[in-house]
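The values are calculated or read from the model by the stated rules, or taken from the named source; none is laboratory data. Treat the numbers as computed from the prediction; the structure is a model and nothing was measured. Cβ sites come from the backbone with ideal geometry, for glycine too, and all protein chains shown count toward neighbours.
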Amino acid sequence: MSLNTLILTGNLGSDPRFALTTTGKQKATFSLATSRTFRGQKHTEWTPVILWGTLATRAEKLLSKGQAVLIHGEKRTRSYTDTHGAERQVVELVASDFQILSRKQAEPREEAAQ
């Protein structure tokens, strides 16, 4: 038996980016920052996260840059050829659910010119 499950808590590094596939399925992507301190130095890992369908729609309404979230999903590795012709691999978290751990930050108000 094998198990491919990943649970990460961290902060969104950017607002989610949204797209529709050619078949009309909603897709959302963002990078998740997870940090740890080792020997007094902070180290941050960035993990690409992908959300599909209704989960992507939910993210569009609820998530924004800087928010703390818990993401549950599967680790996926995919290969691609970059613009220089080199083969690359990327490890992504394909989410099956998320939980918001902090509220959305209020948009800063613009002060009226005096």
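Would you call Ser64 of a type outside the set (A, V, I, L, M), in a loop (DSSP other than H, G, I, E, B) and either surrounded by 14 or more Cβ atoms within 10 Å (Cβ to Cβ) or touching a Cys at 6+ places or on another chain (Cβ under 7 Å) (or both)?
So Ser64 passes the test.
With the requirement that a residue be among the small types (Gly, Ala, Ser) and part of a strand (DSSP E or B), what does the stretch 3-50 give you?
Gly10, Ala19, Ala28, Ser31, Ala33, Ser35 - these are the residues of the stretch 3-50 that are among the small types (Gly, Ala, Ser) and part of a strand (DSSP E or B).
Is the stretch 105-113 home to any residue that is modelled with pLDDT under 95, more than 21 Å from Ala33 (Cα to Cα), assigned to a loop (DSSP other than H, G, I, E, B) and among the basic types (Lys, Arg)?
yes
Name the residue that is farthest from His43 (Cα to Cα), counting only residues in the stretch 1-24 that are touching a residue at least 12 places away in the same chain (Cβ under 8 Å) and surrounded by fewer than 16 Cβ atoms within 10 Å (Cβ to Cβ).
Phe18
For the stretch 28-37, indicate whether the set of residues that are surrounded by 16 or more Cβ atoms within 10 Å (Cβ to Cβ), at pLDDT 95 or above, closer than 26 Å to Arg103 by Cα and of a type in the set (Phe, Trp, Tyr) is non-empty.
yes
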